[in-house]
Structures are given as structure tokens and as C-alpha cells.
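Colleague: This is the structure, below, for whatever I ask next.
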Amino acid sequence: MVASGECREATRKAFFEGGEDRTRAIEQLQECLRRLDEELKGKKFFGGEEIGFADLVAGWLAFWLGVSEEAACFKAVDAKKMPWFAAWISNFLQVPVIKDNLPPRDKAVEFFRNFRKRQLAAVNSVVHALENNVKWITQKRITPAIAASTAHASTRCPYPFISASEKIIFHGDVLICA
């Protein structure tokens, strides 16, 4: 089912990415949702009038996609363009066993908003650290030829400014220890 793979990956990218990557992810997600809308045409659930296995497989979309949209400030579900899918969300969330076992939406949104913020801060921190290390290495003019004379690419990094457990990687003429 499309909801298992493509929609999940597109949702993840829409949640974490920015700029053009995010725009593409939202478009991919909307395409997945349009296909699900087509599958639901004229039906309350994927199998008909009763909830079934396919509904449970796609069920994360009913609650968590909306939480993701709100937490990360994007919109993928358009009730006018995907009326059957929008109705399915409502129908699915009204099933007693589903409704009774979901967390409070406001707390889920708050949690994922903070989670996203922390994850993006961590990524930015790593990117900043890598940029600074590459600048430092480049400024010190450590070239692959110099590094090769002291260490083979499969050996541990011999430079004191980088942890001894890191391996040497060459990227163009820049030495990076990873």
C-alpha cells in the first residue's frame, strides 16, 4: 500500500526539510494522498463500510499526519481536492477503539513541535561544526598527499585535533576525519 512507504517518507521530509526539498516532499505527499483518495472513492473505509486491515496500515495518516502538519507548519491534506480521504480521516478517528487510544492532539503537536526544533538545532550544530573543521583543516593546508604520507585512508586519524577513533576520508583536496 502506498501509505506504508511513499507517504511516510514524504511526510518525514516535509516535517524536517526546508526550501525546495520541502516543497517537493509536500508535492510527493499530496500525490500519495490523491492516490489514496482515488482508492476510497465512494467508500467509508478502504474495504467498504467496515474498518479493515488496509485502514489500520494507513491509519497513522489519520492522526499523525495532521499532527505533523500543525507542528511543522505545512499543509498537505486539502479536503476540497481529496474529499474521500478527508472523510476517511474523520471516519477512522471516530472508530471507538482508535479514538479511545490516541494521545491528546494538543500535547502531541507540542511534543513534535519541540522534537522538530531540537532535531533541526542538532543538525545545524553538526553542520556548523563540520564547516568549521573543514575550514580549519583547509587553512592548515593538510592535503591528501601529506595525509597519505602519515596515514593510509583505512587507518585511524593521526591528527591531535580530531578524535583518535575517527577515520580519514578524502573529499577532493580536503582531508576530513569521520
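Every number in this text was worked out from the coordinates using simple rules, so none of it is lab data. Note that the structure is predicted; figures quoted are calculated from it, not measured. Neighbour counts run over all protein chains shown; Cβ positions are idealised from the backbone, glycine included.
Colleague: Do the conditions hold for residue 17, that is, is it under 22 Å from residue 112 (Cα atoms) and touching a helix residue (DSSP H, G or I) at 6+ places or on another chain (Cβ under 7 Å)?
Modeller: Values: under 22 Å from residue 112 (Cα atoms): yes; touching a helix residue (DSSP H, G or I) at 6+ places or on another chain (Cβ under 7 Å): yes.
Judged against the criteria, residue 17 is a match.
Colleague: Among residues belonging to the stretch 27-49 that are in contact with an Asp or Glu (Cβ under 9 Å, 6 or more places away or on another chain) and among the aliphatic types (A, V, I, L, M), point out the one that is surrounded by the most Cβ atoms within 10 Å (Cβ to Cβ). Steps first, please.
Modeller: Filtering the stretch 27-49 down to residues in contact with an Asp or Glu (Cβ under 9 Å, 6 or more places away or on another chain) leaves 28-33, 35, 43-47.
Checking which are among the aliphatic types (A, V, I, L, M) leaves us with 29, 33.
Numbers: 29: 27, 33: 24.
Once the filter is applied, the top-ranked residue is 29.
Colleague: Ok, one more. Please go through the stretch 2-16 and give me each residue that is among the polar types (S, T, N, Q) and part of a loop (DSSP other than H, G, I, E, B), ordered by number. Steps first, answer last, please.
Modeller: Going through the stretch 2-16, the residues among the polar types (S, T, N, Q) turn out to be 4, 11.
Correct list: 4 only.
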